[in-house]
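Everything on this sheet refers to the single structure shown next.
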Amino acid sequence: MKIKLCVIASTLALAFAGTSAFAGGTANTFQLGQDNDARINQTLQGASNFDADIAQFGDTNSARVFQTGAGTDTARSTQFGDSNSSNIRQTGTGHETANVIQGGHDNDSTVFQNSSGHVSATALQFGHDNDSSIRQTGWGTASATAVQFGHDNDSTIRQNTMGGNNNTAFALQVGYDNDSMITQNTSANQAHASALQFGHDNTSRITQTSAYTMNATAFQVGSGNNSVITQH
């Protein structure tokens, strides 16, 4: 049995005239199987507080957590199966939370958070060859959830909240070869978007760019359906 484990933790203390800064970091990995690779990199700055956990069960899985900045970051990555890949990158100064759970094989999840607000991201994938990408930036409050069951599904969520609060994005895909994209680039409060697709070869696009309250839901069952919603 060959298990690769690489945990990198680096601490950088910053001192300012007349002030003192306190930072803390916690990193844990657990792997069961062969040829798995887990890497956690934490660079502490100012009053940053980092918490990262990686658990992998199976063979040839890869998980990365990168945390830097002066924020409060929490990252959880759990993978079951073979050849799954998870990448979480948190670089903001706010409160950032990311949770990734994948079961099956050849699934790929990417979470990028660079926010000075409060953001949370959840990616759940079960099956094979599913691809999920969540990107959160800005200084507002936002949450994103991507859930996929089946194979060869693709989910993309982009949130750039410019001071808005309670913005949410939810994507659920069950089947195969479905494609969903949600884009929120807004200063609005209460911008909500949901894409629900069941079947195969369905496509959904939701774009929200207004400063007003917005609600959008795309619901598709079957095959070859296409939905486009734009609010601005």
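Can you give me the number of residues within the stretch 101-128 that are of a type in the set (D, E, K, R) and part of a strand (DSSP E or B)?
1
From the residues in the stretch 146-185 that are over 18 Å from GLN113 (Cα atoms) and aromatic (Phe, Trp, Tyr), which one is nearest to the chain's Cα centre (by Cα)?
PHE149
For the stretch 208-222, how many residues are in a strand (DSSP E or B) and either surrounded by fewer than 16 Cβ atoms within 10 Å (Cβ to Cβ) or in contact with a Cys (Cβ under 9 Å, 6 or more places away or on another chain) (or both)?
5
On the basis of being surrounded by fewer than 20 Cβ atoms within 10 Å (Cβ to Cβ) and more than 18 Å from ASN130 (Cα to Cα), does THR60 make the cut?
Against the criterion (surrounded by fewer than 20 Cβ atoms within 10 Å (Cβ to Cβ) and more than 18 Å from ASN130 (Cα to Cα)), THR60 does not qualify.
Those residues that are in a strand (DSSP E or B), without any contact (Cβ under 8 Å) to a residue 40 or more places away in the chain and within 15 Å of ASN87 (Cβ to Cβ), I need them from the stretch 54-68; list them, please.
ILE54, GLN56, SER62, ALA63, ARG64, VAL65, PHE66, THR68
Go through the stretch 133-159 and give me each residue that's at pLDDT 95 or above, in a strand (DSSP E or B) and among the polar types (S, T, N, Q).
SER133, GLN136, THR137, SER143, THR145, GLN148, SER155, THR156, GLN159
The values are calculated or read from the model by the stated rules, or taken from the named source; none is laboratory data. Here the structure is a predicted model, which is why all the values come from computation and not from measurement. FYI the Cβ positions are ideal-geometry reconstructions off the backbone, even for glycines, and counts take in every protein chain you see.
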